[in-house]
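Here's the structure, in structure tokens; my notes come after.
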């Protein structure tokens, strides 16, 4: 692991001291010292909370015997309970250190730690713990807290900032969220603050300037906003600074030059477009310098050539210009150098072929000797390093390659051997690659380029990865394509050439094979990277596990590419997002299993033809006539059976799902036993079932009295089978036999959002604010995919809380696509029929049938208000008009009392800033004018803090006086004091669902 010498020294010293202490305690125990009974009981309570089952209380915990302290301590898997036994004349011990690392403990963090008054260190790294940080810890005298690599959520409790003795706080690789508390500035002794790979938001609080003792701070892979603050210049003791994929914007503050003790500086992938000059770093003794994708312009500073301590230099993907300074020849002793993707000019430095590893690809260097140009010179990657091209369209270093013929397809088994799948042969891709590697084999018309080395490496560099010898962990078709993969730390490019010009479909095959699919810390990693096709960003923040729906599951993402110069470039780029330390350090960056590329047009004939055009037309016409006659005779003879029309339509769909038999479904649901009925949907009843392989499913059965019918049945199958997204319900398959029409879905353990929020009290789930906000963001992401990212643009038309399901981890998934309509760009006024639910329909759609994706945006705004308020949008009363949550929210807005809208069950335990963001987003989404509503991608950006939310000026027809508002408030809470009756299911269960509602119905009368 690369780290500062100070941090390394501190770690070694502390570890050595701890084991000396353990040895001392053992000696003391030999003289009769034992742990107090109170602390022994505390350890029992802690064990139960953590799920630690192998502590043997028949021996003294401070003895070091049995499993209290392992005799051999493996780095990263330390297991120890340490004590100080120098009390009461060496007869009494107190627990001082608890280290339980890499044990997959499944419980929660124990509040009872505060009952160990002498505890100084708690290290629970790489377990499977969930929940939040207990506030009780704030009363302790802890020196070190390490919670790396768990499932912990919530914000950092303010109470933790009361620990004045705290020197190390490691929260890396969890799911913490919210703004950093201002009170963090109270940790005046903190030396190590690791916050990377979480979901923290907001700007860095200015109070962090007071942390002048900091030596190591890492804040990468978060969702912070604002610029890198100038106050970082106050951290004068800093030896390591990591800001990668943090959400912060440039430029890099000039005050960074004051951090003279820095030895490890990593800043990459800054937001914003503001240019940054190269910072002045000449006073530092840097070993690692990464300033990648920071929008730095200008020339390379000569002082870098004097930095003899450098081991890793990465300045890639900036806008650096000019030649490489002449004194950089001393850098050839640097282990890794990356100048990739800049605008550097002048001759290629002569020393590059003697460097250990250097990548100068994608620059504008001039080539002085055209005859000797190469793409790889020793350990120097020169691919596309020159602006000189040739008539073939290929980069100049490939000019000597002669295309034997044009190709119209490309198949690569990335990181694996040659295989044949579905009659297509996939080329092997077995080269070991390296940090600055171009590889092209023989006469093949493709090459790959890898850039980067794995930082903080625990296992050594690797550029391919394979599953274990058995492939039982893979749940994929054609597993031979997914047993191996090519990986890269920073950038991985596949370059195809000798391709015929035209449109192509590029299928990228992915399956995550480095994480596990179980309840261990190895399952908690997040791999995130960007995808570029022909130099254009086509998918940002791609997450294989989320896209595929699990580990070891294949997902194929199709993209369209236009080949105009006979070349195709596919680039995968790590932008600092995702975990980097699970299951071990250096697991991050792009991973790809296979590539298949096919032309969208028929390839030209390889041999010429002497047949005239007239003859060809005549032959084709004759063949068509014969075919028509044959089919006519067969039809007349009755050779075509009277196949069910629904089944024929079903087969015509381009499905990627399974077909189940009725026998299978009956066995799974115990012949549709009423005990297994979990709700009544828009189609009919919904049953829980279990397939023969143990998979739990939800079966939606089309009833004879269904108000939706066959058209919606086919529509739902077509829509869902074409869509794959972690925020959409997964369709396993369907069954069409006789009069039975069935859909088979993944089973969602926590039913619907509606039932969780305002169903029967026995069915409600206590959703804290962090979970509610996560659900809201997830719904927005799902809709953004439907509207803007999927191959088909789809309007759901019935977004509401009953159609949002919650999985076992309370992640939201949008269901019920039975009403979805294709969003035809040139026919937005769909005049077929209106369908949806009272209170959720956009005005223009309900009144005029005008359907665009902005109708879903409106519905989302209503659902967002329900999530905040915890109550249904409408209250129905006999002989009176309905009361709408949206109306009440607007009235509260006028009175300046929007916090009144927050669910009273949350008390004061919510983030006011996030509440205001969500409320303002809801107001934007429910604007009467559809053109003024934001797109769902904009909504996601606002909720995630990447875009500032504008406050909405609301217009109301009346001003509420205090008495009227108070009466309305009391009435609203009185109406909702009793939970709504009836089951909340995955489908449209509301009594006000419209299947269908025509413009001549009483709906418009009721609106008025």
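Values quoted throughout were computed directly from the atomic coordinates according to the rules given, and no laboratory measurement underlies them. In this text, all values refer to a predicted model and were calculated from it rather than measured experimentally. Note that we place each Cβ from the backbone using ideal geometry, even for glycine, and neighbour counts take in every protein chain shown.
Under 12 Å from a point placed 7 Å out from the Cα of residue 330 along the Cα-to-Cβ direction: which residues of the stretch 283-322 have their backbone N that close?
Those under the cut-off are 302-310.
What does the extension gain come out to for residue 899 and residue 661, with contour length at 0.36 nm per residue minus their alpha carbon separation? List each step's numbers first, then the result.
Details: separation 238, 0.36 × 238 = 85.68 nm, distance 5.27 nm.
Result: 80.4 nm gained on full extension.
Could you line up 763, 796, 509 from fewest to most neighbouring Cβ atoms inside 10 Å? Before the final figure, lay out the partial values.
Values: 763 16, 796 27, 509 23.
The order, fewest Cβ neighbours first, is 763, 509, 796.
Quickly rank 487-497, 285-295 as a protection proxy: mean count of other C-beta atoms within 10 Å, highest first. Walk me through the numbers before you get to the answer.
Values: 487-497: 24.9, 285-295: 22.0.
Order by mean packing, descending: 487-497, 285-295.
Considering only the stretch 300-388, what is the antiparallel percent among its DSSP beta bridges, to the nearest 5? Before the final figure, lay out each step's value.
Values: 2 of 13 bridges.
Restricted to the stretch 300-388, the bridges split so that about 15 percent are antiparallel.
Put a dot 7 Å past each Cα toward the Cβ at residue 430 and residue 308; how far apart are the dots in nm?
Inter-label distance under the simple model: 4.5 nm.
I need the peptides 33-46, 434-447, 661-674 ranked by packing, meaning the mean over residues of other C-beta atoms within 10 angstrom, with the highest value on top. The partial results should precede the final answer.
On the way: 33-46: 17.4, 434-447: 19.1, 661-674: 14.8.
Peptide ranking by packing, descending: 434-447, 33-46, 661-674.
Measuring from label point to label point, each 7 Å out along Cα→Cβ, what is the residue 539 to residue 67 span in nm?
The modelled label-to-label distance comes out at 4.1 nm.
Could you give the nm distance between label points at residue 48 and residue 935, where each point is 7 Å from its Cα heading toward the beta carbon?
Here the answer is 5.5 nm between the modelled labels.
What FRET efficiency comes out for the pair residue 273/residue 74, r = Cβ-Cβ distance, R0 = 51 Å, nearest 0.05?
Working: r = 47 Å, r/R0 = 0.92.
In this case the efficiency is close to 0.60.
Applying 1/(1 + (r/R0)^6) with R0 = 35 Å to the Cβ-Cβ distance of residue 790 and residue 210, what FRET efficiency is obtained, to the nearest 0.05?
Details: r = 48 Å, r/R0 = 1.37.
Rounded to the nearest 0.05, the efficiency is 0.15.
May I ask you to compute the full-extension gain from residue 40 to residue 299, defined as 0.36 nm times their residue separation minus their alpha-carbon distance, rounded to one decimal in nm?
Details: separation 259, 0.36 × 259 = 93.24 nm, distance 6.38 nm.
Extending this stretch completely gives an extra 86.9 nm.
With a Förster radius of 30 Å, plug the Cβ-Cβ distance of residue 740 and residue 518 into 1/(1 + (r/R0)^6) and report the FRET value to the nearest 0.05. Mind dumping the intermediate values first?
Values: r = 36 Å, r/R0 = 1.21.
Efficiency, rounded to the nearest 0.05: 0.25.
Once fully extended, how much extra length lies between residue 405 and residue 909, figured as 0.36 nm per residue of separation less the alpha-carbon to alpha-carbon distance?
Values: separation 504, 0.36 × 504 = 181.44 nm, distance 6.74 nm.
My answer for the length gained is 174.7 nm.
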